[in-house]
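Each reported figure results from applying straightforward, stated rules to the coordinates on display, with no laboratory input. If you're wondering where the values come from, they're calculated on a predicted model, not measured in any experiment. Cβ: placed from backbone, ideal geometry, glycine included. Neighbour counts: every protein chain shown.
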Amino acid sequence: MAHKLEPVSSTAGEPADDAGQAAFDRIIAADSRIEPRDWMPAAYRKTLVRQISQHAHSEIVGMQPEANWISRAPSLKRKAILMAKVQDEAGHGLYLYSAAETLGTPRQQLTEDLIAGKARYSSIFNYPTRSWADVGAIGWLVDGAAICNQVPLCRASYGPYGRAMVRICKEESFHQRQGFEILLELAQGTPEQKQMAQDAVNRWYAPALMMFGPPDDDSPNSKQSMAWNIKRFSNDELRQRFVGMMVEQVEVLGLTLPDDQVRFDEESQKWEHGPLDWDEFKEVLAGRGPCNAQRLERRREAHEDGAWVREAAAAYALRQRNAQEQNEEVA
Ligand code: 3HC
């Protein structure tokens, strides 16, 4: 689906190039892909670095709420599954940092921005995981919302991003199923277990809906990102689609959504939901959510603890390079 393209002017920092601009416009209009060596407007590059790096940070910080339960998982099997899932998130972060690097932004710089508190990551990961059922609710709701948002990104116009998203979405599907299965088991367990599952769904539902970003009227980036075929749907469109998916699945779980205003509007053919607390969303984005400080502190500690690994890897790479250069000289 090609969107009508508004003329894009290159901005300072990227040499203007009429031929490059024309080629870029043609590729976007044909709904084809921009690759790293292609000319692109500076604003397109900047938007991609912004979105991809925020996404990468979300995957890395998102390891924390669930890692909180690895040592307390209720069985060896659950522990193994959860460890694999948390490792998958680290892998997603790596694919995405690599995609951002193809745009000329070193991962080290992105990481420094994150630990300095200058970069955004998803609001959802600033909420605490209070019970084992939260691991189920994260898998079902949070990974479910991630899939709904990210499947269209597999068709993003920037090649390395779209290709990374294909791999990520495959793994997210497994994540969502494991979350659903945890909740199903709890919902079919004792009354206390069922209540624990319902309580987790009650707490994660609204923050999961906010993952899709602010309402369309309040989303400064959507229009241009959609014109560039980076985003394919607006924030509200994806949020509404997600609510519809959850309505069906929550019935199978035997639980309820904490929203008595959910309904399908026949006229617009869209799902509607109750109001969301956008003041809370803004607070979380401003760094004042329940766990913002803790999440950043842990990330900083982990980064410092990993310094020796980075140094060892850099020393090894240097030795390999020197050895290769010597071999080339001999030859
Ligand atoms: N949390 C934090 N910041 C958010 C946000 C959220 N849920 N939603 C929007 N924002 C920020 C935007 O980044 C933007 O800030 P900036 O201009 O300073 O960069 C501002 O709020 C305005 O929002 P817009 O709607 O204009 O921004 P976008 O057009 O970029 O849309 C988005 C926001 C829908 C999140 C889009 O960036 C996107 O689709 N990103 C890729 C997916 C992603 O990053 N998901 C994060 C979750 S990752 C995950 O879920 C991991 C999995 O393992 C569970």
Provide L285, L296, L48, L141 in ascending order of the number of other Cβ atoms located within 10 Å of each residue's Cβ, fewest first. L285, L296, L48, L141
Could you pull out every residue, at least 5 positions away or on a different chain, whose amide H is within less than 5 Å of the one on K231? Hs are placed 1.01 Å off N in the peptide plane, and Pro or chain starts have none. M226
Residue of P191, P207, P128 that the Gaussian network model of the chain assigns the largest fluctuation, springs spanning Cα pairs under 10 Å: P191
Show me, for region 44-55, the HN-Hα J-couplings you get by feeding each phi into the Karplus relation (A = 6.51, B = -1.76, C = 1.60, θ = phi - 60°), rounded to Hz, glycine and proline as x. 5, 4, 5, 4, 5, 4, 4, 5, 5, 5, 4, 5
Folded to 0 to 90 degrees: helix 235-253 orientation relative to the chain principal axis, Cα: 40 degrees
Any chance you could run the full-extension gain for A42 through K270? It's 0.36 nm times the residue separation minus the Cα-Cα distance, nm to one decimal. 78.5 nm
Against the longest principal axis of the chain, how steep is helix 159-187, in degrees 0 to 90 to the nearest 10, with axes from Cα atoms? 20 degrees
Between region 306-331 and region 53-101, what's the alpha-carbon centroid distance in Å? 30 Å
Backbone HN-Hα couplings from phi across region 110-119 [Karplus 6.51/-1.76/1.60, Hz, Gly and Pro as x]: 5, 5, 4, 4, 5, 6, 7, x, 9, 10
Could you work out how far the C-alpha centroid of region 148-163 sits from that of region 224-301, in angstrom? 19 Å
How far, in nm, would the chain grow between A116 and R167 when pulled straight, counting 0.36 nm per residue and subtracting the alpha carbon separation? 15.4 nm
Any chance you could give the angle, 0 to 90 degrees and rounded to 10, that helix 18-29 forms with the longest Cα principal axis of the chain? 30 degrees
Binning at 20 angstrom from zero up to the longest distance, how are the C-alpha pair distances of the chain distributed in percent? 28, 54, 16, 1
In the structure displayed, which of K85/K194; K46/K79; K118/K270; K77/K194; K223/K282 lie more than 32 Å apart, Cα to Cα? K46/K79; K118/K270
When only Cα pairs under 8 Å and 6 or more residues apart are kept, what is the percent relative contact order across the chain? 18 percent
Magnitude of the Cβ-charge dipole of the chain, K/R +1 and D/E -1, about the Cα centre, nearest 20 debye? 700 debye
Using Cα pairs under 8 angstrom and six or more residues apart, how large is the relative contact order of region 195-248, in percent? 30 percent
Note down the nm distance, to one decimal, between modelled labels 7 Å out along Cα→Cβ at D217 and at E283. 2.3 nm
Placing each pseudo-label 7 Å from Cα in the direction of the beta carbon, E251 and A315 end up separated by a distance in nanometres of 6.2 nm
